[in-house]
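**Q** Got a structure for you, questions after.
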């Protein structure tokens, strides 16, 4: 147990203590500011991904839609999960199923979702119709 | 926000993970850029404040990386296991980018947290080790560009470019500068100064 008189923890002058306290305060302020900026950034990025990344991009025709992206992701995942059947046995949520179904209807006459994904890739009209369906089904 | 969450429906975890990945990329770029600037004396000013800022940015980046991974656990589409997200090459999905991301994540976390054990590791050894943070960050950038769902989009590329290019320039500027010789006494002084 060390006392305050020990050589390792020398007694600080009031001036040094004041400087140290100011530094600790400044540190706390900086940390809070960084945390606040990080949170704001997260909210902004969430809105950006939500808006530009798919779910509400209905009219631009430039950005691929959420449904399109998710179907492509699923096709890639199904390839990887071929060796792990347990991962594919989980029931898909209704919105996912609806979007995948709409995409498959627009791409015409494919029963496999993986095939649908590959056929609808790059087709913006299909993507637009599918995202409209997603938005409708979700609302 | 609640309206956004309601509108996003079951995609909320997936969107959260993508957003957290972007935030992690931005914060890690800021932290690495600041660290490189400090070590190469490319910025002048309040040393302790810059160190605190570097530390806070790095902790925030680690939190964002954790959220990036944890949010994926809730995604019913991708449906990964904990092992899929924490051990490289376990899941054969978008390899090698996923493995690179996992390695980068662990690298950034381990090298970042090693700061708190630097006296045990040894200051000189820790300084050498800490340089590998830039490598882990580059792996993270490759992961984002290679695996990211949004990686082909203009908005994503613009955000990534704004975050990454200045830091990359600082890393190259630091590499181009001659190394400072740090004596044992100097290292001890620096360790005392950094608390």
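The values are calculated or read from the model by the stated rules, or taken from the named source; none is laboratory data. For clarity, every value in this text was computed on a predicted model and none was experimentally measured. Virtual Cβ from ideal backbone geometry, glycine too; neighbours counted across all protein chains shown.
**Q** Of the residues that sit in the range B:62-77 and are touching a helix residue (DSSP H, G or I) at 6+ places or on another chain (Cβ under 6 Å) and closer than 9 Å to residue B:17 by Cβ, which one is nearest to the other protein chains (Cβ to nearest Cβ)?
**A** The residue in question is B:67.
**Q** Among the listed residues B:138, B:159, which satisfies the condition of being at pLDDT 80 or above, more than 16 Å from residue B:35 (Cβ to Cβ) and in a helix (DSSP H, G or I)?
**A** Answer to the check: B:159.
**Q** Could you list, in sequence order, the residues of the range B:125-165 that are over 15 Å from the mean Cα position of the chain (by Cα) and touching a residue at least 24 places away in the same chain (Cβ under 8 Å)?
**A** B:127, B:146, B:147, B:148, B:149, B:150, B:156, B:159
**Q** So which residues in the range B:48-61 are more than 7 Å from chain A (Cβ to nearest Cβ) and at pLDDT 90 or above, if there are any at all?
**A** Within the range B:48-61, B:54, B:55, B:58, B:59, B:61 qualify.
**Q** With A:29, A:43, A:69 as the choices, which residue is facing chain B (nearest Cβ under 10 Å), at pLDDT 60 or above and within 16 Å of the chain's Cα centre (by Cα)?
**A** Being facing chain B (nearest Cβ under 10 Å), at pLDDT 60 or above and within 16 Å of the chain's Cα centre (by Cα) holds for just one of A:29, A:43, A:69, which is A:43.
**Q** Further question: For the condition at negative phi and assigned to a loop (DSSP other than H, G, I, E, B), what is the one hit in B:48, B:80?
**A** Selected residue: B:80, the only one of B:48, B:80 that is at negative phi and assigned to a loop (DSSP other than H, G, I, E, B).
**Q** When you check residue B:122 against the structure, is it more than 15 Å from the chain's Cα centre (by Cα), away from chain A (no Cβ under 11 Å) and closer than 17 Å to residue B:24 by Cα, yes or no? Talk me through it step by step, then tell me what you get.
**A** Values: more than 15 Å from the chain's Cα centre (by Cα): yes; away from chain A (no Cβ under 11 Å): yes; closer than 17 Å to residue B:24 by Cα: no.
It is false that residue B:122 is more than 15 Å from the chain's Cα centre (by Cα), away from chain A (no Cβ under 11 Å) and closer than 17 Å to residue B:24 by Cα.
**Q** Exactly one of these conditions fails for residue B:31: (1) within 13 Å of chain A (Cβ to nearest Cβ); (2) buried (at least 22 other Cβ atoms within 10 Å of the Cβ); (3) within 23 Å of residue B:152 (Cβ to Cβ). Give me its number.
**A** (3)
**Q** Okay, next question. Please state which one of B:119, B:149, B:133 is part of a helix (DSSP H, G or I) and buried (at least 20 other Cβ atoms within 10 Å of the Cβ).
**A** Criteria check complete, one pass: B:133.
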